[in-house]
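No value in this document is a laboratory result; all are computed from the given coordinates. Bear in mind the structure is a predicted one, so any value in this text is a computation, not a measurement. A quick note on method: Cβ atoms are made from the backbone with ideal geometry, for glycine too, and the neighbour counts reach across all protein chains shown.
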Amino acid sequence: MSSKSSESAVEDTERAGVATSSADSVASVDDFESDSSISDEYLNATPISRSDSLSSIPYLDLNKMLLFSDFDFGMGLDQVSDSARKKLKDMKKKTQEKLQKLKLDSRVRTSSSMGGSGSPKFSLNDVVDNAELARLQESIILRLSKFEKRIDANLQSSATEKLFYAIAVFLIAVCGFIIGKYPKWFHIFHTVLFCVLMPIRFYTYFKQSFQYYLADLCYYVNLLLILFIWVFPESTSLFISVFSLTMGTLSFAVITWRNSLVLHSIEKTTSSFIHIMPPVSMFVIVHEMPKDFVAQRFPAVANVESWHFINGILWTSFYYTIWQVCYHYFITIKRKEKIASGRVTSFSYLRKKNANKGIGKFVNSLPYNWMQIGAFTLIQFGYQIGTMLFCPIWFRYKHACGAFMCLIFVVASYNGATYYIDVFGKRLDKEVERLKREVIELRERQSKQDESAPVGEPKVEELSSK
């Protein structure tokens with residue numbers, strides 16, 4: 001029901017497997033500190049390399065994980081969060097210490113089997129222990145290899161994403177060129193993009209079972225704009241309502257719901273298009289198109305010489321009520337069983353998301369569902385009226401309206417940049433935490449093996465303390 005709740009819900013769904021799980025699992029690297037007593041001098045003097053003493057299986061060099069050559073969105077390791085880089089660095093150090101410990105343990109056992117005679121005296125226990133060490137080392141190598149593959153899979157961009165990124169950048173440049181050079185063609189440019197992106201949005205939302213979001217206010221306003229441009233350009237009431245809704249609800253939704261302009265993502269670019277392009281189109285029609293062309297092509301705009309605030313509220317409330325009644329009838333009532341079975345709507349999503357906030361607590365505290373829906377509807381209507389307060393300024397002053405459009409675009413771009421850093425950084429954090437758990441498991445297995453070693457046999461800790 002909110003103009004931006006559908007896109008916010010989809011973003012939350014995408015981050016559920018990367019951001020949420022990683023945020024819950026991120027812990028301090030100090031928790032991972034081991035009790036390894038290998039001295040720094042030994043580690044510096046004995047760099048890890050391929051070993052022929054126990055097994056000729058080479059370990060995976062973690063330096064390779066520092067190079068993401070195929071990831072081209074400006075997301076190098078330098079731009080990952082400090083915590084992620086610190087965790088990766090410490091993970092590399094701990095893994096090296098683990099492999100060094102295995103190597104040293106192998107030497108200790110080999111020296112013990114020599115018995116000081118210069119010739120090895122192997123026993124059945126030695127063979128079993130060495131085989132166990134070999135399996136442990138091979139297991140570490142395998143897990144590190146899987147870790148590297150997971151990192152590449154999470155941070156690589158597909159060919160489709162690269163292509164769409166280039167197309168999105170090009171279309172932004174074309175948009176600015178048309179506004180400055182050929183404003184009379186901008187509504188056609190907008191319509192073409194609308195006809196291309198909306199079928200993709202419908203397909204993806206139905207595939208993800210998000211189809212009830214397509215009945216939200218933002219899609220309704222986009223439909224009203226298309227009707228005004230191509231069917232009812234002489235309707236003054238429709239123009240007033242579209243101008244109020246686009247400059248009000250849609251524009252402020254970018255700020256309120258943190259709409260993100262992520263150029264490589266068709267999903268998020270479409271969400272930005274839904275909220276940014278309609279107010280930009282209204283700005284071009286009202287302020288950039290020649291007056292004689294507007295009088296001929298959009299007579300409703302020419303008929304409004306000054307903005308009447310009360311009249312704007314009345315007409316906008318009329319079109320808003322039409323949408324709200326249709327929404328509750330076809331979604332809340334007709335689809336009640338499917339919603340109860342788990343299908344998500346804007347109302348159910350926002351009620352759950354804001355459960356711990358003041359408004360959410362108030363709405364959820366109401367005893368009946370119809371009371372909760374009524375309260376949510378009134379709150380949303382009040383939000384719409386509040387965002388309409390600036391419409392007289394946007395209609396009268398061209399430069400103020402243009403500055404507001406620039407602000408909306410900058411906010412969406414900033415949110416997109418934050419998405420790149422946060423989401424991809426958290427993906428790296430998640431993989432580091434996963435590798436941490438795997439290595440801890442291996443260390444526990446190794447500790448149990450050390451505890452079960454013969455009493456007279458020297459251990460790695462005893463040798464390193466000498």
Explain nothing, just compute: Karplus ³J(HN,Hα) = 6.51 cos²θ - 1.76 cosθ + 1.60, θ = phi - 60°, for every residue of region 232-248 in order, whole Hz, x for Gly and Pro.
10, x, 9, 7, 5, 4, 5, 4, 4, 5, 5, 4, 5, 6, 6, 6, x
Residue order, fewest to most beta carbons within 10 Å, for Y397, Y320, Y205:
Y397, Y205, Y320
Going residue by residue through region 350-355, the Karplus relation 6.51 cos²θ - 1.76 cosθ + 1.60 with θ = phi - 60° gives ³J(HN,Hα) values, rounded to whole Hz and with x marking Gly or Pro, of 5, 5, 6, 5, 9, 4
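In the calculated pair distance distribution of region 320-359, what percentage of Cα-Cα distances lie above 17 Å? Let's see the in-between values first.
On the way: 315 of 780 pairs.
When every Cα pair of region 320-359 is considered, 40 percent fall beyond 17 Å.
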Extension gain from I255 to A166, taking 0.36 nm per residue of separation minus the Cα-Cα distance
29.5 nm
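May I ask you to compute the full-extension gain from C406 to F390, defined as 0.36 nm times their residue separation minus their alpha-carbon distance, rounded to one decimal in nm? Display every interim value, and only then the final one.
On the way: separation 16, 0.36 × 16 = 5.76 nm, distance 1.56 nm.
Length difference between fully extended and current span is 4.2 nm.
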Express in nm, to one decimal, how much length is gained between I141 and C326 on full extension, taking 0.36 nm for each residue of separation and deducting their alpha carbon distance.
60.6 nm
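Per Stokes-Einstein, at 4 °C and 1.567 mPa s, what whole-number D in µm² s⁻¹ belongs to region 195-350, with the Kirkwood radius over Cα pairs as the hydrodynamic radius? Spell out each step's value before the answer.
Working: Rh = 17.0 Å.
Using the Kirkwood radius from Cα pairs, D works out to 76 µm²/s.
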The answer for the per residue Cα convex hull volume of region 323-393, in Å³, is 104 Å³
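Per the Cauchy relation, a quarter of the hull surface: what is the mean projected area of the convex hull of the alpha carbons in region 286-357, in nm²?
Numbers: hull surface 33.6 nm².
That works out to 8.4 nm².
Using Cβ contacts closer than 10 Å as the measure, can you line up E337, E441 from fewest to most?
Working: E337 8, E441 12.
Placing the least packed residue first, the sequence is E337, E441.
If a/c stays under 1.5 just call it rounded; otherwise compare a/b with b/c (prolate if a/b is bigger, oblate if not). Do that for region 363-424, with a ≥ b ≥ c from the square roots of the Cα gyration tensor eigenvalues.
Working: a/c = 6.49, a/b = 1.34, b/c = 4.85.
Oblate.
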